[in-house]
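Q: Have a look at this one.
No lab work stands behind these numbers, since they all come straight from the coordinates. Remember, predicted model here, so these are calculated numbers, not experimental data. Ideal geometry is used to build each Cβ from the backbone, glycine not excepted, and the neighbour counts take in all protein chains shown.
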Amino acid sequence: MNRKKLQKLADSLCKSAKHFNKFEVECLIKLFNTLGVEPSDRHAVVGLDRNSFRNILHVTFGMTDDMIMDRDCFDVYDLNSDGYISREEMFHMLKNSLLKQPSEEDPDEGIKDLVEITLKKMDYDHDGKLSYADFEKAVRDENLLLEAFGPCLPDMKCGMAFEAQAFQETSDL
Ligand code: CA
Ligand code: CA
């Protein structure tokens, strides 16, 4: 990829990816290109297949949970894949991800409260369950909600190590 093409791509990506500055976007593009995803001929689609993506998650971020790697955040939480995160699914996940408080007499009650609080915050169309649209809107407003029901992203330490490496090593390519 030549310099001009890179600049143009970085400019357009910067407009939609506001979390990154232009320098960072350029680094990510260069990094992406080193993954060997350049199409073999000009009709091929540029992209990563699932296996390569999993491999990167595994090697770079130390992720080993197959169920999580095979889905993105919303799908991880939508356990029965019906397109909605229901109260029951939230309950199930929160129960698994929260530490048990031995002092609490009925820990399930606490989790039920949490489900209601979360639903109140994220259920924009008030139908009692989270659609992908609800989820996306809530996460755009508050990034932390991306992992509202338990970890589904690489942990912070791996993420920072990745950033440090990506934004440093590729910058002098
Ligand atoms: Ca569901
Ligand atoms: Ca809803």
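Q: Would you work out the Kirkwood radius for segment 69-147? I mean one over the mean of 1/r across all pairs of different Cα atoms, in Å.
A: Result for segment 69-147 stands at 13.1 Å.
Q: Which ordering of T60, T34, T118 is given by a fewest-first count of other beta-carbon atoms within 10 Å?
A: T34, T60, T118
Q: A further question on this structure: Sticking with the crude label model, points 7 Å out along Cα→Cβ, report the distance from F53 to C158 in nm, one decimal please.
A: 1.6 nm
Q: Taking 0.36 nm per residue of sequence separation and subtracting the Cα-Cα distance, how much length would be gained by fully extending the chain between D127 and N33, in nm to one decimal?
A: Contour length minus Cα-Cα distance gives 29.5 nm.
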